[in-house]
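Undergrad: Got a structure for you, written out below as structure tokens; questions coming shortly.
What follows is calculated from the coordinates using simple rules that are stated; it is not laboratory data. Here the structure is a predicted model, which means the values were calculated and not measured. Don't worry about glycine lacking a Cβ; one is built from the backbone with ideal geometry, like all the others, and counts go over all protein chains shown.
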Amino acid sequence: MKKTLYFVFTLSFLIIPLADAQDNGSDSQAGEAQAGEKTATKREIPELQQKNFQFTFLFPPFSTNWVQNSKTVNKVSLNLLIGNAGGVDGAEFGGIINSVNYYVKGFQGAGFGNIVGGSVDGAQLAGFFNVTGTDVTGFQGAGFVNVAGRDTRGCQAAGFVNVSAR
């Protein structure tokens, strides 16, 4: 249990400074200059394949997308234990952990935790934690902790702590 708590808090405190480092201007001129820098430094999303359905048997790469799982956007994704995808444009359900490299648009639910490298537009529900690298628009609900690396426009509900960079 201590190792799990340490992992979640370490991950939380690593994501927030990275997101905040991209946004540190206060006046309008600095903000305008920084907006140009933001688009230049924003993580580029590569061209991703689109699939209607994906199933992960145990953990990546043992899935119907095989080794292309991190380069694929799924409309429906089912992960028996642990799953990984490039994006979700619909719904993702996982037995233990769901991991998405770029974005989720829709619903993401896991027995233990959800991790998204980019943004979430929709809802995340997990038994223990949700971690999002950038913005959350919608709802994050977890038994212990929710972390949004930047803005949260919506609601965060957790049993212990909710963290949003702004």
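Undergrad: Over the Cα atoms of the range 95-160, each weighted equally, I'd like the Debye log10 I(q)/I(0) at q = 0.23, 0.29 Å⁻¹, rounded to two decimals.
TA: -0.82, -1.34
Undergrad: In whole Å, what is the distance between the alpha-carbon centres of the range 147-161 and the range 75-98?
TA: That distance is 20 Å.
Undergrad: Net charge near Q108: determine it from the other residues with C-beta under 11 Å of the C-beta of Q108, scoring Lys and Arg +1 and Asp and Glu -1.
TA: Here the count lands on -1.
Undergrad: Now for a separate question. Mind listing the long-range amide H neighbours of S99? Cut-off is under 5 Å, sequence gap 5 or more, other chains count too, H placed in the peptide plane at 1.01 Å from N.
TA: Here G83, N84, A85, I115 satisfy the definition.
Undergrad: Can you work out the FRET efficiency for the pair V161 and V76, with r the C-beta to C-beta distance and R0 = 30 Å, to the nearest 0.05?
TA: The formula returns an efficiency of 0.45 here.
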